[in-house]
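To start, the structure under review is shown below, and the notes come after it.
The values are calculated or read from the model by the stated rules, or taken from the named source; none is laboratory data. Worth saying up front: this structure is predicted, and the values here are computed from it rather than measured. All Cβ positions, even for glycine, are placed from backbone atoms using ideal geometry, and neighbour counts span all protein chains on display. In case anyone asks, the SASA skips ligands and DNA or RNA and just uses the protein heavy atoms, side chains included. Shrake-Rupley method; radii C 1.70, N 1.55, O 1.52, S 1.80 Å.
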Amino acid sequence: MEPGCRLSLITSRFVGPNEEDLCLSLDGHPDLCISFSNMESKERIFGIRYKEVENDKREYLRIGDEADEWMSKILGIPVTVLHVPETKLSGEPNYPVYGSDSGPVPVPPVHIISISTLQELNEKSGKSVEMARLRPNIVVKNSESGAEGFWKVIRIGDQLELEQTFMNPRCGRVNALDGFLNTGIYDVIYRHGPFRDTCNRPCLGSLWKVLRPGKVHVGDKIVLLKSVEKSISAPPDEELTEQYMIGV
């Protein structure tokens, strides 16, 4: 089984009094639990070189030997498990980036997609793409298909406020789910996605940065604070800096 497919079989949950520990599970293997309370004491790695990625300026924290051995055994390849802290030692933001002609563009941390957007994709393609393939943080119901592409600033619940940065450009990883590859999913999004005419590559869902933090719950209402007339395309000529290491 291809490593990316094995990775899709792993489940995760947060545990502990303040949900500060992350536990990864896979049938037939002991759980791997990672504490985030002492991350700053971990080995810090400055940038990663992988194939054409030569100018990665992010900082990483190595989780440790136990995590490396656990993930390597499951995937069948040598793996280094890393945590990407929110800030660098200098205090600067430590975001992953898209490379573009105008310079690096931070990748926002929140991905939103609506049920109706996925329904339209499936209706037009005659396929059945599962929401799990798209890996959103927040799934919206009772909205029009593609509406999330025209929201600029929203509030969810009582506190959380988000600002859309751009549409979510998809990669071939949507083809992997539950240990199997379906190489037609990416092509379905490319040919039938609701944003195929406004995004410069196959896009589905939108990416958001946090303006004001807050907790969200299932059933919270979304309040539109600002809209845009045209969906926000992804950066031109982007190439996501994927190192094929497992970021936690």
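Of note:
- Subset of the range 54-63 (residues that are surrounded by 14 or more Cβ atoms within 10 Å (Cβ to Cβ) and either modelled with pLDDT of 75 or more or basic (Lys, Arg) (or both)): Arg58, Glu59, Tyr60, Leu61, Arg62, Ile63
- Residue check for Glu19: modelled with pLDDT under 90 and out of contact with any helix residue (DSSP H, G or I) (no Cβ under 7 Å at 6 or more places or on another chain): yes
- Evaluation of Gly149 against (1) open to solvent by less than 40 Å² (accessible area, probe 1.4 Å); (2) at pLDDT 85 or above; (3) under 24 Å from Thr11 (Cβ atoms); (4) not hydroxyl-bearing (Ser, Thr, Tyr) (one fails), failing number: (3)
- Considering residues of the range 85-122 that are touching a Phe, Trp or Tyr at 6+ places or on another chain (Cβ under 8 Å) and at pLDDT below 75 only, the residue nearest to Asn137 (Cα to Cα): Val107
- Restricting the range 228-248 to residues that are at pLDDT 65 or above and open to solvent by 70 Å² or more (accessible area, probe 1.4 Å), the residue that is nearest to Gly149 (Cα to Cα): Lys230
- Check on Lys73, open to solvent by 60 Å² or more (accessible area, probe 1.4 Å) and at pLDDT 75 or above: yes
- Among residues of the range 122-146 being in contact (Cβ under 8 Å) with a residue 24 or more places away in the chain and among the charged types (D, E, K, R), the one that is surrounded by the most Cβ atoms within 10 Å (Cβ to Cβ) is Arg133.
- Candidates in the range 200-227 are the residues that are part of a loop (DSSP other than H, G, I, E, B) and under 30 Å from Pro85 (Cβ atoms); of these, the one that is modelled with the lowest pLDDT is Arg201.
- The set of residues in the range 108-124 being touching a helix residue (DSSP H, G or I) at 6+ places or on another chain (Cβ under 7 Å) and outside any helix (DSSP H, G or I) consists of Ile112, Ile113, Ser114.
- For Tyr186, the criteria (1) under 15 Å from the mean Cα position of the chain (by Cα); (2) under 17 Å from Pro136 (Cβ atoms); (3) modelled with pLDDT under 80 hold in every case but one, which is (1).
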